[in-house]
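Written out below as structure tokens is the structure these notes cover.
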Amino acid sequence: MTDADLIVLDQVNKRYGDLHVLRNVSLRVRRGEVVVIIGPSGAGKSTLCRAINRLETIDSGTITVDGTPLPEEGRALARLRAEVGMVFQSFNLFAHKTVLDNVVLGQVHVLGKPRAAAEATARALLERVGIGAQAAKFPAQLSGGQQQRVAIARALAMEPKVILFDEPTSALDPEMVNEVLDVMTSLAREGMTMVVVTHEMGFARRAADRVVFMADGEIVEQAGPETFFGSPSSQRAQSFLDKILIH
Ligand SMILES: Nc1ncnc2c1ncn2[C@@H]1O[C@H](COP(=O)(O)OP(=O)(O)OP(=O)(O)O)[C@@H](O)[C@H]1O
């Protein structure tokens, strides 16, 4: 590991019963890097993301974030989940809290910030993702794209070192996809370290520093987007791209 590495996975294996979902996965994510993970359904992309945030345990291998092995439980685990923000396909907002409170609460309870400071941060972040005017509403009163932007603001409020996005636009109606991808693209341009599992190849082309192609639990190849989309080196990646880019 070098100082530039923020996340390091070394020879990670994970099984669900007989199903070997992560096979000797080794991956480094550098500070400021945007890594986009693509691959067919069932490749293990979500499992990989969730393992980094310790939402899944692994069977063997090691994962470190900023040089520290993942904690087992307790306050250290809560801190890890603040440092490694996660934005899911389903937005997972607190339904009975306002948009503002959804972004405030973690700051108060995990980071220990005073409520007034947390609110000021939350309002600024809601402005940044373009939904400042919705602060007093409840999640169900927002569109899917707006809710996902609240989820991004909530992750940012924890001052994360990296944000993991697990298919953040898959549950959205098509007209809302771009408003979320635009927020993600500007975060990428501002230098946020991001790991993004997505089927949005346009986003991968314009925002990724590196594309990681997974299939059957393995990292098959990884390269910069121009190289990967221009001439992938494996047959598996080529046939995946042929299938999805045809439509
Ligand atoms: N909790 C679980 N118990 C058993 N099998 C699981 C569990 N979670 C995932 N799997 C299986 O592990 C494999 C990898 O799943 P994963 O969700 O990581 O794939 P993925 O690449 O993210 O796929 P998709 O693009 O469809 O989301 C799949 O075959 C899935 O059915």
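The values are calculated or read from the model by the stated rules, or taken from the named source; none is laboratory data. Bear in mind the structure is a predicted one, so any value in this text is a computation, not a measurement. We place every Cβ from the backbone using ideal geometry, glycine too, and count neighbours over all the protein chains shown. Please note that ligands, DNA and RNA were not included when accessible areas were found on the heavy atoms of the full protein model with its side chains. Shrake-Rupley method; radii C 1.70, N 1.55, O 1.52, S 1.80 Å.
Between amide H atoms placed 1.01 Å from N, distances below 5 Å from A215 occur with V220, all of them 5 or more places distant or on a separate chain.
Axis angle, to the nearest 10 degrees, between helix 74-83 and the longest C-alpha principal axis of the chain: 80 degrees.
When the chain is treated as a GNM with alpha-carbon contacts under 10 Å, the residue of S90, S46, S186 showing the greatest mean-square fluctuation is S186. Computing Rg and the Kirkwood Rh from the Cα coordinates of the range 5-245 gives a ratio, Rg/Rh, of 0.97.
Pull out a ≥ b ≥ c, the square roots of the eigenvalues of the alpha-carbon gyration tensor of the range 34-174, then state rounded if a/c is under 1.5, prolate if not and a/b is larger than b/c, and oblate in the remaining case. Walk me through the numbers before you get to the answer.
Values: a/c = 2.31, a/b = 1.31, b/c = 1.76.
Oblate shape, in that a/c is at least 1.5 and b/c is the bigger or equal ratio.
Relative contact order, whole percent, for the chain stands at 26, derived from Cα pairs under 8 Å and 6 or more residues apart. F138 contributes about 90 Å² of solvent-accessible surface, heavy atoms of the protein only, 1.4 Å probe.
With a 1.4 Å probe rolled over the protein heavy atoms of all chains, the accessible area of H20, H96, H109 falls in the order H96, H109, H20, largest first.
Each of T227 and R206 was given a label point 7 Å from its Cα along the Cα-to-Cβ line. The distance between the two points is 2.4 nm. Selection among A118, I152, L27 by position relative to the dipole of the chain gives A118 as farthest towards the positive end (Cβ unit charges, Cα centre). Restricting attention to the chain, close to 55% of DSSP beta bridges with both partner residues there are antiparallel.
How large a share of the accessible area of the chain, in percent, is made up of carbon and sulfur atoms when the probe is 1.4 Å and the other protein chains stay in place?
The computed percentage sits at 49.
Between helix 99-109 and the chain, what is the angle of the helix's C-alpha long axis to the longest principal axis, kept within 0 to 90° and rounded to the nearest 10? For helix 99-109, the angle is close to 80 degrees. The phi torsions of the range 167-172, fed into the Karplus equation with coefficients 6.51, -1.76 and 1.60 and a -60° offset, translate into couplings of 6, x, 10, 5, 8, 9 Hz, rounded to whole numbers, with Gly and Pro shown as x.
With every protein chain left in place, what is the accessible area per residue of the range 58-109 in square angstrom, probe 1.4 Å?
Averaged over the residues of the range 58-109, the accessible area is 52 Å².
Relative to the longest principal axis of the Cα atoms of the chain, the long axis of helix 144-157 lies at roughly 80 degrees. Bridgeable lysines around K113 (alpha carbons under 28 Å apart, same-chain partners fewer than 8 residues away excluded): K97, K137, K161.
Of the whole protein surface, L156 contributes about 20 Å² of accessible area at a 1.4 Å probe radius. What the Cβ-Cβ distance of A171 and D3 gives, at R0 = 41 Å and to the nearest 0.05, is a FRET efficiency of 0.65. No solvent, one uniform scatterer per C-alpha: report log10 I(q)/I(0) for the range 1-83 via the Debye equation at q = 0.12, 0.16 1/Å, two decimals. One equal scatterer on each Cα of the range 1-83 leads to -0.35, -0.62. Simple spin-label estimate for S90 and H20 gives 3.2 nm between the two label positions (7 Å along the Cα-to-Cβ direction from each Cα). Sequence-ordered 3J(HN,Hα) estimates for the range 12-28 from the Karplus curve with 6.51, -1.76 and 1.60 and θ = phi - 60° stand at 7, 10, 8, 10, 10, x, 7, 8, 8, 8, 10, 10, 6, 7, 10, 7, 10 Hz, glycine and proline given as x. Taking E56, E83, E175 in turn, the Gaussian network model of the chain (Cα-Cα springs below 10 Å) assigns the largest fluctuation to E175.
Among 70-79, 110-119, what's the highest-first ranking by average C-beta atoms within 10 angstrom per residue?
On the way: 70-79: 12.3, 110-119: 14.0.
So the peptides 70-79, 110-119, ranked by packing, come out 110-119, 70-79.
So how much slack lies between E127 and I244, counting 0.36 nm per residue of separation and subtracting their Cα-Cα distance, in nm?
On the way: separation 117, 0.36 × 117 = 42.12 nm, distance 3.49 nm.
Contour length minus the Cα-Cα distance gives 38.6 nm.
Here the extension length gained between S41 and N178 equals 47.1 nm, from 0.36 nm per residue of separation less the Cα-Cα distance.
Once you divide the Cα radius of gyration of the range 104-247 by 2.2 N^0.38 Å, the number left is 1.21. For the range 1-67, the set of trypsin sites (Lys or Arg not before Pro) satisfying both a DSSP loop assignment and a count of at most 16 other C-beta atoms within 10 Å is given as R31.
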